[in-house]
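Q: Provided herewith is a single structure, encoded as C-alpha cells, for subsequent inquiry.
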Amino acid sequence: MSYLSISNVSKVFGGVVAVEDFNLEVEKGEFISFLGPSGCGKTTTLRMVAGFELPTSGEVLLDDENITYKSPNERNVGMVFQSYALFPNMTVAQNIGFGLQVRKAPADEIKRTVDEMLGLIHLEKHAEKYPYQLSGGQQQRVALARALAIHPRVLLLDEPLSALDAKIRVELRQEIRRIQQKMGITTIYVTHDQEEALSLSDRIVVMSQGRMEQVGAPSEIYNHPTTEFVASFVGQLNLLPVREVDLQNGTCKLNGQLVRFDHSEPRQISDKPRLAIRPEEFQFGQAGDRNVVLGRVEVVMFLGAVVRLRVRIGEALVSVDLFNERNMALPRVGDDVTVNFPAHACWIM
Amino acid sequence: MVEAMRRNTFWSWFWMAVGVLYFILPLVATFIFSLRAKKGVLSFLAYERIFQDANFWETFTFSLTVGFVTILVSLVLVVPTAYWIRLRLPHLRGMIEFVTMMPFVIPAIVLVFGLIRVFSGAPFFLTNTFVGTNALLVAAYAVLALPYMFRSVDAGLGAIDVRSLTEAAQSLGAGWPTILFRVIFPNLRVAILSGAFLTLATVIGEFTIASFLVGIKAFGPYMSLIGQNKTYEASSLTIISFLLTWAFMGLIQLFNRGKSDGTLAGAH
Amino acid sequence: MSSKPNLQHVNTKRDAPQARPALSAWRDWLGVAPFLLFAVLFILLPSLSLFAGSFQDSKGNFTLQNFVDLMDPSILGAYWVTIRISLVTALGGGLLGFMMAYGVTVGGLPRWVRSALSTFSGVASNFAGVPLAFAFITTLGRTGMITVLLKYIGLDLYDKGFSLYSFWGLSLTYMYFQFPLMVLTITPALDGLRREWREAAENLGATPAEYWLKVALPILTPSILGTMILLFGNAFGAYATALSLTGGFINLITILIGSQIKGDVLHNVGLGYALAFGMVVVMAVMMTIYYFLRRRSERWLKQ
C-alpha cells in the first residue's frame, strides 16, 4: 500500500466534469507534479487532497486512513497558495506559528519551530515584519515555512511560483526542492510550467481536460510521450505529414524522401499519419546512417544559447534548434539546407 | 458542514429581514397616512393640495436651480484640479484630498455659522443682497459636495490612466482643448454624472444651511414649515422627497452599471 | 557619486525642453489655484473666524473665558448627549449594517439580494433630515402606525416609557441613515477578505470560529472602526433630523449652535464660537483616527 492513494476520483461541477477517474499512488517522500494547461483539473485534484473540494466519487487515502470526507482542518496536510495567502494582520513569525497556535502547542515549542523554519527559508532577520513589507519571493517562502511548520503529512503547492518574476522563480524552485529533500516530505506540486515540472519532480502527471494523460519520470514524459497532447505540451514537437507509412519496417515518405522512424513501441496510426520529431534532434549536413532531407530556411531567430530556424520541408514548416557556437556561420533566410536526424528520435503519430 | 452553512444562511436572512423592515415600515406608515387626508376614504388629496401649492413649486424650483448651479460650480472646481494633480502635481494629492474631506470634520451647522460670521459683515456684505446670499448658499453646497465630487471624479480619472492618454493625444498632435473635451471628459462622463446626482440628492432637501441663509425660499425649510402646520401634506411631501432620492440613486446606479457599487456617502 | 546629479540634469532637460523647471513649477501651481482659493475662502476663512472668535470676548479682546464657560454643566451635558447619541447609533447602525453586509458577501445570500441591498442603502443613507423625521413621527409617534398597532395587540410603547422625542427615539431615527452607510462602506472591506485566507487557516487546522477570531475580524477591524467613526461623525453633525423630530427639545450641541445663530441664546457670541470650535476639535480627532485606521487596512489589503 502506498503512502497517498487517490483512487477513481472524479469531480463534477454543475454538470461540468472537472476531474475524471483520477488514479495515483504516491510513495512517501516522493515529489509529484501535476502538469497541464489551465482548466485541466490539476488544481481541483489538489484541492480534493486538501479537502477544499469533495470528490463526486472515488476516495483519497493517506497513510492507510480514508480522508475523502474529512474536513480540511483535520487533515494535517500543508498547502501553499499561488497568491501566498499570508495573513496580513500577522507578522512573519505569527504567520509561521499560526498552525501550531491553533493546535494549542506550548509557547516554547512554537518559538522553536518558528526559529527553525525561519532558518530553513533564510529569513531570520524578517521575523517581526508584516507581509506587505516583504517581496513576493519572500512572502512565498514564508508561506512555505508556514505550511511546513505543522509538520504536515503531505505538502501541497498550487502554482506557487507563477506570480513571481522569472529569475526569482528559478531561484525559489531550487529552494523548494532543497527543502523538500532535506525534510523528506511527500509533495504534490501543481504547475502549468513544463520546465518547473521537469526540473523538480520525481514523477509527473500530465493532465488535460480532467483526464490523466500520462504518468512518469520527467525523462520518460519528454522522451517517450504516449499521447499527442503530452508530446506537444511538454517541449516543442514538429508534426510532419507523411505518406506510405510502413509500420513493419519503420519507413515512410516525407516530401517524397524516404525516412526511417522508431517502430519499437506499438502505436495507433490515424488516417492522416504524421512524423513526430523534436526540434533539437536536427543537425545540418549529410550524415551516414541518419535520415537526410532537403529544405529551405524561412526564419532565423537567435535566442542566445539556441538558434531556432524555421525550415520548409515540402508543405510542412519545421522548427530546428541548433546550439549556438561562437564562430558558427548562421544560415540565412532563403538558403537551401540539408538537415539530418536519427531514425530512433522520430516516431509516427 | 452542510448544517453549519444552513444555519449561517438563516442568520443572514434574519438580519436582512430586520434591515428591510426597518427600511420599509416608516415608508409604508407614512404612505398610508398620506392617503388619509379625506375622512373615511383613502385618497390622493394631500398630494393634490401639495401640487396645487404655489410655494411647493417655487421652493422646489429654487432648490433645483441652486442644485444645478452647485453642480456646475463644483465641476469647474474639481475636474480641472483632479486632472491637474494626476498629471502634474501628484505630490499634492494628499493635501487636496485632505481639503475635500473637510466637510466630514466641519459639520454643516458649524460651516454655516462660520460663513455667516465671515461674509455677512465687512468687507463682503454678501448676505445683504439677493445675489450675494444665493452665491453664499451655492458656495456652501459646493463645499458639502466636495467629498463625493472629488472622490467620484478622481476615481474616474484613476481608471483611465490620464497621463498616458494625455501624452498619446499630444503625440498625435492634439492641443489642450482637444485633449480635455474629446479625450478626458468623455471618459469621465459616468463619474461626473454620479457625483452630480449625489450632489442634487443632498442639495434639494437640504435644511441646515438653507434655513439660516435663505429661509423658506428653499425646499428643505418649506418642508419643515409644512410639517409644523399640516400633517397629511407633510407625509405626502415625505413620500415625494423619498421618491426623488430614489430616482437620483437609481440614475446613479444606472450609470454605474457594470461597475462596482459606486461610492456613496451621506452627510446630514 | 558626482555622475549622479549630472544624469538627473540631463533627464530633466529631456523631459521638459520647452520650459525652465522653475517657471513650469510655478505654472503647475496655477492649475490648482482656483481650487485652493475656493478652499481658503469658504473652508479655511470660516473655520479660522470661528477659531478667532472663540478667543474673544464681546468687546473683541483676547480671552480664554469662553473655554472656561464651556465647562458649564448644561453645555457639557449637550456635548455628552451628542457624543452618546453618536456612539449609540454608530454602534447600533454599525452592527446591523455589518450583519447585512456580511449576509450578502460571505453569508451565502443570493446575488439579487446584494444588488437590491446596494440600491436601497444608497437611497436610505441619503434620506435624512426633515422627511425622515416625518416618516418616524407617522410610524412611532404617539399616534404612529406601529404605536397604534402595538397598542392594539396590548403593548403600549408610551406607557412603557418609550418616546420618539427622547434620546432613544432620536437614536432609532438616526439609525435609519446610519446602518445603510455602514452597509455601503463595509461591503468592499468584506469583499476584500480573500478566499485563500480562509482556506489557509482551515488548512493549518483552524476551525471556522478560530478563522473569524484570529484572521478575518482582525483584518476587518481597522475598516469596521473606521466606518464607525464615519457613522459617529454623521450623527454628531446632524441638525435637521433632530430639530424636526424634537423641535429643539433635546439638548444637542448642533441644536444649541442653531439657536445661538438665530438669536444669541447664550448671551455670549464668543461662547457660541467656542461651542462650534469644540465640535470641530472632536471631529478632527475622530477623522485623524479614521485616517490612520484606513491607512493600515489599505496597506493590509493591497495587491
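Q: If you scan region A:15-33, which residues turn out to be loosely packed, with under 14 Cβ neighbours inside 10 Å and closer than 18 Å to A:Ala197 by Cα? Give the steps one after another, and end with the answer.
A: Pass one, region A:15-33, residues loosely packed, with under 14 Cβ neighbours inside 10 Å: A:15-16, A:23, A:27-28.
Within region A:15-33, A:Glu27 is the sole residue that qualifies.
Q: Hey, could you check region C:130-143 for residues that are open to solvent by less than 10 Å² (accessible area, probe 1.4 Å) and within 7 Å of chain B (Cβ to nearest Cβ) and say which is nearest to B:Trp246 (Cα to Cα)?
A: Step by step, filter region C:130-143, then rank; the result is C:Pro131.
Q: Of all residues in region A:262-292, which are assigned to a strand (DSSP E or B) and either of a type in the set (Lys, Arg) or touching a Gly at 6+ places or on another chain (Cβ under 9 Å) (or both)?
A: The answer is A:Arg274, A:Val292.
Q: Turning to a different aspect of this structure: Sort out for me the helices (runs of 4 or more DSSP H) sitting completely within region A:18-120 that have 3 or more residues that are more than 20 Å from the chain's Cα centre (by Cα).
A: Result: A:92-102, A:107-120.
Q: Which condition breaks for A:Asp262 when tested against (1) of a type in the set (D, E, K, R); (2) open to solvent by 60 Å² or more (accessible area, probe 1.4 Å); (3) in contact with a helix residue (DSSP H, G or I) (Cβ under 6 Å, 6 or more places away or on another chain)?
A: (2)
Q: Could you check region A:62-74 and list, in sequence order, the residues that are open to solvent by less than 30 Å² (accessible area, probe 1.4 Å) and more than 8 Å from chain C (Cβ to nearest Cβ)?
A: The answer is A:Leu62, A:Ile67, A:Thr68.
Q: Looking only at region C:264-274, count how many residues are within 21 Å of B:Val105 (Cβ to Cβ) and either facing chain B (nearest Cβ under 9 Å) or surrounded by fewer than 22 Cβ atoms within 10 Å (Cβ to Cβ) (or both).
A: 2
Q: Hey, A:Arg296 hits all of (1) open to solvent by 70 Å² or more (accessible area, probe 1.4 Å); (2) part of a loop (DSSP other than H, G, I, E, B); (3) within 26 Å of A:Arg332 (Cα to Cα) but one; which does it fall short on?
A: Result: A:Arg296 passes all but (2).
Q: Could you tell me which of the residues B:Leu72, B:Leu92 is facing chain C (nearest Cβ under 7 Å) and either over 23 Å from the mean Cα position of the chain (by Cα) or assigned to a helix (DSSP H, G or I) (or both)?
A: B:Leu92
Q: Sticking with this structure for a sec: C:Leu213 fails exactly one of the following numbered conditions: (1) open to solvent by less than 10 Å² (accessible area, probe 1.4 Å); (2) without any contact (Cβ under 8 Å) to a residue 60 or more places away in the chain; (3) more than 9 Å from every other protein chain (Cβ to nearest Cβ). What is the number of that condition?
A: If we test C:Leu213 against (1) open to solvent by less than 10 Å² (accessible area, probe 1.4 Å); (2) without any contact (Cβ under 8 Å) to a residue 60 or more places away in the chain; (3) more than 9 Å from every other protein chain (Cβ to nearest Cβ), just (1) comes out false.
Q: When the residues of region B:107-134 are filtered to those that are aliphatic (A, V, I, L, M) and without any contact (Cβ under 8 Å) to a residue 24 or more places away in the chain, which remaining residue is farthest from the other protein chains (Cβ to nearest Cβ)?
A: Within region B:107-134, the match that is farthest from the other protein chains (Cβ to nearest Cβ) is B:Val131.
Q: Could you please find all residues in region A:122-137 being over 23 Å from the mean Cα position of the chain (by Cα) and either surrounded by 15 or more Cβ atoms within 10 Å (Cβ to Cβ) or in a helix (DSSP H, G or I) (or both)?
A: Looking only at region A:122-137, we keep the residues that are over 23 Å from the mean Cα position of the chain (by Cα), and these are A:122-135.
The answer is A:Leu123, A:Glu124, A:Lys125, A:His126, A:Ala127, A:Lys129, A:Tyr130, A:Pro131, A:Tyr132, A:Gln133, A:Leu134.
Q: Of the conditions (1) part of a strand (DSSP E or B); (2) surrounded by 14 or more Cβ atoms within 10 Å (Cβ to Cβ); (3) not aromatic (Phe, Trp, Tyr), A:Met301 satisfies every one except a single condition; which number is it?
A: (2)
Q: Would you pick out the residues in region A:291-328 that are modelled with pLDDT under 85 and basic (Lys, Arg)?
A: Answer for region A:291-328, where residues must be modelled with pLDDT under 85 and basic (Lys, Arg): just A:Arg326.
Q: Can you pull out every residue in region C:45-60 that is open to solvent by 50 Å² or more (accessible area, probe 1.4 Å), free of Cβ contacts under 8 Å to residues at least 12 places away in the same chain and either among the hydroxyl-bearing types (Ser, Thr, Tyr) or in a loop (DSSP other than H, G, I, E, B) (or both)?
A: Answer for region C:45-60, where residues must be open to solvent by 50 Å² or more (accessible area, probe 1.4 Å), free of Cβ contacts under 8 Å to residues at least 12 places away in the same chain and either among the hydroxyl-bearing types (Ser, Thr, Tyr) or in a loop (DSSP other than H, G, I, E, B) (or both): just C:Lys59.
Q: Here is a further query. Just one of A:Gly97, A:Gly119, A:Gly41, A:Gly36 is within 14 Å of another protein chain (Cβ to nearest Cβ) and open to solvent by less than 60 Å² (accessible area, probe 1.4 Å); which is it?
A: A:Gly97
Q: Among the basic types (Lys, Arg) and open to solvent by 60 Å² or more (accessible area, probe 1.4 Å), is that true of A:Arg177?
A: Working: among the basic types (Lys, Arg): yes; open to solvent by 60 Å² or more (accessible area, probe 1.4 Å): no.
Against the criterion (among the basic types (Lys, Arg) and open to solvent by 60 Å² or more (accessible area, probe 1.4 Å)), A:Arg177 does not qualify.
Q: Identify, from the list C:Leu96, C:Leu109, the residue that is in contact with a Ser or Thr (Cβ under 6 Å, 6 or more places away or on another chain), within 9 Å of chain B (Cβ to nearest Cβ) and either surrounded by 17 or more Cβ atoms within 10 Å (Cβ to Cβ) or not charged (D, E, K, R) (or both).
A: Answer to the selection: C:Leu109.
The values are calculated or read from the model by the stated rules, or taken from the named source; none is laboratory data. Note that the structure is predicted; figures quoted are calculated from it, not measured. In this analysis, Cβ positions are derived from the backbone assuming ideal geometry, glycine residues included, and neighbour counts consider all displayed protein chains. Side chains included, ligands, DNA and RNA excluded: accessible areas come from the protein's heavy atoms. Shrake-Rupley method; radii C 1.70, N 1.55, O 1.52, S 1.80 Å.
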